[in-house]
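Step one of this worksheet: look at the structure below.
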């Protein structure tokens, strides 16, 4: 079993809009410590050194010491090379903070859940003992992104097309939660998965 300083790290990932955040909240309610990598990324985006690095590569993506998220999104989600450049800059800042959080949370539980939309792209899958993916039909994901983020339809579609396919998640994960039904159905699946994780790692 892989572990980090004695903690079993469980990766939780999936495409944007699939319902991963809801599953993450349910896991947390079940007593599993969760690291929200989106929050970690937002913290990283405020680091002056990161902003300086980004401005050197994407001059229009930073203004008045702030990351222009929608402008960056429009740039990178339509260009895989630019997306790789952006990820190559931000991932080291994110990973550093995540390791710090894991070491803090391991005192609460032998398990730490890593809620990471770019789990494989960042290489964080290498520290995971178990990986769970949340998937959903394209139309449902698109609808959730539009309602949640208020972005243009084309940007939402670009975001989804820039991410790994549903087949990628089915082929590479220990467990898959299919969020194609109601919220109650998702809750039951997530609770069942949380119980299975606790039993697997004796937590």
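Read-outs: derived from the displayed coordinates by stated rules, not from any lab. Note that the coordinates shown come from a computational prediction; the quantities given were computed from them, not determined experimentally. We place every Cβ from the backbone using ideal geometry, glycine too, and count neighbours over all the protein chains shown.
Applying 1/(1 + (r/R0)^6) with R0 = 30 Å to the Cβ-Cβ distance of residue 185 and residue 162 gives a FRET efficiency near 0.60. What the Cβ-Cβ distance of residue 55 and residue 100 gives, at R0 = 25 Å and to the nearest 0.05, is a FRET efficiency of 0.45.
Over 27 Å, how big is the tail of the calculated P(r) for the chain, in percent of all Cα pairs? Summing the P(r) tail past 27 Å for the chain gives 31 percent. When the chain is treated as a Gaussian network with alpha carbon springs shorter than 10 Å, the biggest mean-square fluctuation among 147, 25, 87 belongs to 147.
Gap in Å between the Cα centre of segment 167-200 and the Cα centre of segment 62-103? The distance from the Cα centre of segment 62-103 to that of segment 167-200 comes to 28 Å.
For segment 18-66, the calculated P(r) over all alpha carbon pairs, in 10 Å bins from 0 to the bin holding the longest distance, is 23, 35, 20, 21, 2 percent.
Could you give the semi-axes, largest first, of the ellipsoid that matches segment 109-195, computed as the square roots of 5 times the alpha carbon gyration tensor eigenvalues and rounded to whole Å?
Working: eigenvalues 111, 62, 28 Å².
Ellipsoid half-lengths, sorted descending, are 24, 18, 12 Å.
So what's the back-of-envelope 222 nm ellipticity for the chain, counting only DSSP H runs of four-plus at -39500 (n - 2.57) apiece and dividing by all residues, rounded to 500?
On the way: 9 runs with 108 residues, N = 203.
The helix-only estimate for the chain comes to -16500 deg cm²/dmol at 222 nm.
Model label sites at residue 172 and residue 70, defined 7 Å from Cα along the beta-carbon direction, differ in position by 3.1 nm.
Pulled fully out, how much extra length does the chain show between residue 138 and residue 195, if you take 0.36 nm times their separation in residues and subtract their Cα-Cα distance? Write down the numbers at each step before the final one.
Working: separation 57, 0.36 × 57 = 20.52 nm, distance 2.81 nm.
Between residue 138 and residue 195, full extension yields 17.7 nm more.
For the options 151, 131, 95, a Gaussian network treatment of the chain with springs between C-alpha atoms closer than 10 Å singles out 151 as fluctuating the most.
Could you give the angle, 0 to 90 degrees to the nearest 10, between helix 20-29's Cα long axis and the longest principal axis of the Cα atoms of the chain? That works out to roughly 40 degrees.
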